[in-house]
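Okay, structure first, notes after.
The values are calculated or read from the model by the stated rules, or taken from the named source; none is laboratory data. Quick caveat: nothing in here was measured; it's all calculated off a predicted structure. Quick reminder, even Gly has a Cβ in these numbers, built from the backbone with ideal geometry, and neighbours come from all protein chains shown.
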Amino acid sequence: MSDSGPDTLDGRELDVAIIGAGVGGLYALQRVRDQLGMNALAIDDAPALGGTWFWNKYPGCRVDTESSVYAYSFDKDLFVDWEWSERYALQPEVLAYLNAVADKHDLKRSIVFETRITEATWNEDKSRWALTTAAGDTFHARYLIEGVGLLSSSYAPEFPGRGDFRGEVLLASKWPDNPPDLAGKRVGVVGTGSTGIQIITALAETVGHLYVFQRTPQWCVPLGVGPFPDATRRRMREDPEGFRDWALNTGAVFGFVESTVSALDVSHEERQRVYEAAWQKGNGFAFMLETFSDIVVSPEANQTATDFIKGKIHSIVNDPGTAELLTPKDYYAKRPLAADGYYETFNRDNVTLVDVKSAPIERFSRAGLVTATGEYALDTLILATGFDAITGNYLRIETTGRGGLRLQDKWKEGPRARCGMTIADFPNLFMVFGPFSPFTSQPLVHEWQIDWFTTLVQEAEARGGVVDTEQSAEDAWVATCQEQMAGTLFAVTDSWINGSNIPGKPRASMAYMGGMAGYMAEMNAIAEAGYRGFRFG
Ligand code: N01
């Protein structure tokens, strides 16, 4: 094998094939190849590793989770010695970190790049997966790990007349290696989710004019960008495992402890004090979960948060009409946004907010974009229009399990899976952070899941080489998750969390909302009961 991975896949027989060389795939590879001694390869359609962090390199791209928990813990030296420069690392730093991990563990020699897996078919007789690439190669693996990402199947609406437009159209989630220089240009951004707000705040100062095409405003708080805190570094170095375990045992693994106090149990003054402190500190998840315990479950508590943010919007944005347009009308119950100076951006003379809810985008013209009320001349249009999240990444691989069952059919009305990791009738297939995983930050949870299901692989190896989850156990898991989700405002607020961002996609519960500590307890209980609800053979 060369440093860039083996030359050909055709005809290979592997113990483990891993789809994806992002945060999940890289650790899965290290775990099965180096810790378990299995014959494994990772396959990725990108030309280099990093997954999300390879593709999403648009201006301003950074984590909005504390860098301290956006890391692996399996390599304790790298966990504590990596010198994160910022509290919320920028994309190049995250990618450099992932490359450092891969280099230290010599992972690249076991990764095949620029290769798209198009089909995965379970062969019952031979108890192995047959995998086909877009180039037509076929190879086999006894176990299949899909580290395909939660948000990696890009969504881009097709506005008519694309061929007429003389400017460039860039997709934020597939940002080019050599992007055009946008300084002084007329730039449009469609989309005001986490991606859009990072691009908008990053570009506003340098472009000639920025047109923000907003369909639905979202609640946004400051992020609180700054240097990586020395106190956190000290804490991690003193007790790396303790720090990791502490983070995992919080509800959402974002590097803070969620509040247990109801927003409705304190006085108005106390609420304002708590919200103001959270606003000054920054971080969207902290504003939503560290302030009070019931913002995402109680409409009344939710309104106390939205009233506060609404007040901020109207005090920051000079033009009352613009402030009103920027003010959401729905619950604060999407994946929370955070960016420093987002609302201030709309006070700039070179920034125009275009309401495409009341006057939708109709088509491209030669000069730019046409809405129901006007034409906007642009040099570049950036689409920050999101992802076919959670399920889209799996469904673009034609996957066939036992008895010819197609995943595309099984998930027609929404995903069905157990523990966020396994799917009944798709034996020896494991997902990293698949549907019905806990609603948490990712890297430490990826690691935890990978450790859990690869221990299950070891058990399978000792018990016949095949493991499948029982249908009844899967049904019970899905029912639990649906019940948990129904108790939250995420269920009734349109966003990728419930699939409502994609036209025609069934609205569904797709996450375990019982918190990471609860999730780990359930997973450990299953393992301790001899892998209850799994069949071996
Ligand atoms: O996608 P989104 P995203 N016409 O779905 C708009 C993670 N992430 O890429 O709401 C006009 O949130 C759409 O409008 P509407 C993070 O988990 C993390 O921003 O459907 N507009 C919306 O405004 C995040 O939640 C970071 O009305 C159209 C936007 O496009 C997730 O990725 C950074 C449209 C899509 O927002 C997804 O975020 C970036 C149309 N036809 C991303 N179609 C971190 O900070 C769609 N829109 C770590």
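Here are the numbers for the structure shown:
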| quantity | calculated |
| --- | --- |
| Test result for R12, among the basic types (K, R), within 14 Å of the ligand (Cβ to nearest atom) and either modelled with pLDDT of 95 or more or within 17 Å of the chain's Cα centre (by Cα) (or both) | no |
| Of all residues in the range 364-386 being within 12 Å of the ligand (Cβ to nearest atom) and not small (G, A, S), the one that is surrounded by the most Cβ atoms within 10 Å (Cβ to Cβ) | I382 |
| Complete set of residues in the range 259-280 that are part of a helix (DSSP H, G or I) and not charged (D, E, K, R) | A263, L264, H268, Q272, V274, Y275, A277, A278, W279, Q280 |
| Wholly enclosed helices (runs of 4 or more DSSP H) of the range 375-481 bearing at least 2 residues of a type in the set (S, T, Y) | 443-462 |
| Residues of the range 178-215 that turn out to be in a loop (DSSP other than H, G, I, E, B) and either within 16 Å of the ligand (Cβ to nearest atom) or not polar (S, T, N, Q) (or both), as a count | 13 |
| So A48, is it touching a Phe, Trp or Tyr at 6+ places or on another chain (Cβ under 7 Å), surrounded by fewer than 22 Cβ atoms within 10 Å (Cβ to Cβ), on the phi < 0 side of the Ramachandran plot and touching a residue at least 12 places away in the same chain (Cβ under 8 Å) | yes |
| Filtered residues of the range 125-177 (kept if among the hydroxyl-bearing types (S, T, Y) and outside any loop (DSSP other than H, G, I, E, B)) | T132, T133, T138, Y143, S154, S173 |
| Output for the range 139-162, where each listed residue is touching a residue at least 24 places away in the same chain (Cβ under 8 Å), under 24 Å from L369 (Cβ atoms) and either more than 16 Å from the ligand (Cβ to nearest atom) or not hydrophobic (A, V, I, L, M, F, W, C) (or both) | S154, Y155, P157, P160, G161, R162 |
| Where a residue in the range 190-212 is under 17 Å from P222 (Cβ atoms) and its partner, wherever it lies, is basic (K, R) and more than 12 Å from the ligand (Cβ to nearest atom), with Cβ under 6 Å and at least six apart | A204/R348 |
| Lone unmet requirement of (1) assigned to a helix (DSSP H, G or I); (2) within 16 Å of the ligand (Cβ to nearest atom) for R33 | (2) |
| Residue selected from the range 216-236 under the condition in contact with a strand residue (DSSP E or B) (Cβ under 8 Å, 6 or more places away or on another chain) and within 11 Å of the ligand (Cβ to nearest atom), by the criterion nearest to A286 (Cα to Cα) | L223 |
| Qualifying position, being of a type outside the set (F, W, Y), more than 20 Å from D137 (Cβ to Cβ) and in contact with a Cys (Cβ under 8 Å, 6 or more places away or on another chain), among L90, L78 | L90 |
| Extreme residue, surrounded by the most Cβ atoms within 10 Å (Cβ to Cβ), among residues of the range 122-150 that are within 28 Å of D451 (Cβ to Cβ) and of a type in the set (V, I, T) | I145 |
| Count of the range 281-335 residues which are away from the ligand (no atom under 16 Å from the Cβ), crowded, with 18+ Cβ neighbours inside 10 Å and part of a loop (DSSP other than H, G, I, E, B) | 7 |
| Test: residue in the range 254-263 that is buried (at least 22 other Cβ atoms within 10 Å of the Cβ), in contact (Cβ under 8 Å) with a residue 24 or more places away in the chain and either closer than 17 Å to G341 by Cα or within 16 Å of the ligand (Cβ to nearest atom) (or both) | yes |
| Qualifying residues in the range 69-105 (those that are part of a helix (DSSP H, G or I) and within 17 Å of the chain's Cα centre (by Cα)) - the one farthest from A172 (Cα to Cα) | V69 |
| Residue in the range 83-90 that is out of contact with any Ser or Thr (no Cβ under 9 Å at 6 or more places or on another chain), more than 16 Å from the ligand (Cβ to nearest atom) and not hydrophobic (A, V, I, L, M, F, W, C) present | yes |
| Number of the exception - K505 against (1) of a type in the set (D, E, K, R); (2) without any contact (Cβ under 8 Å) to a residue 40 or more places away in the chain; (3) part of a loop (DSSP other than H, G, I, E, B) | (2) |
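To keep it simple, each residue is scored yes or no on (1) of a type in the set (K, R); (2) surrounded by fewer than 22 Cβ atoms within 10 Å (Cβ to Cβ); (3) over 26 Å from the mean Cα position of the chain (by Cα); (4) more than 30 Å from P328 (Cβ to Cβ).
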position: F439; (1), (2), (3), (4): no, no, no, no
position: H446; (1), (2), (3), (4): no, no, no, yes
position: I450; (1), (2), (3), (4): no, no, no, yes
position: Q471; (1), (2), (3), (4): no, yes, yes, yes
position: N501; (1), (2), (3), (4): no, yes, no, no
position: A527; (1), (2), (3), (4): no, yes, yes, yes
position: G537; (1), (2), (3), (4): no, yes, yes, yes
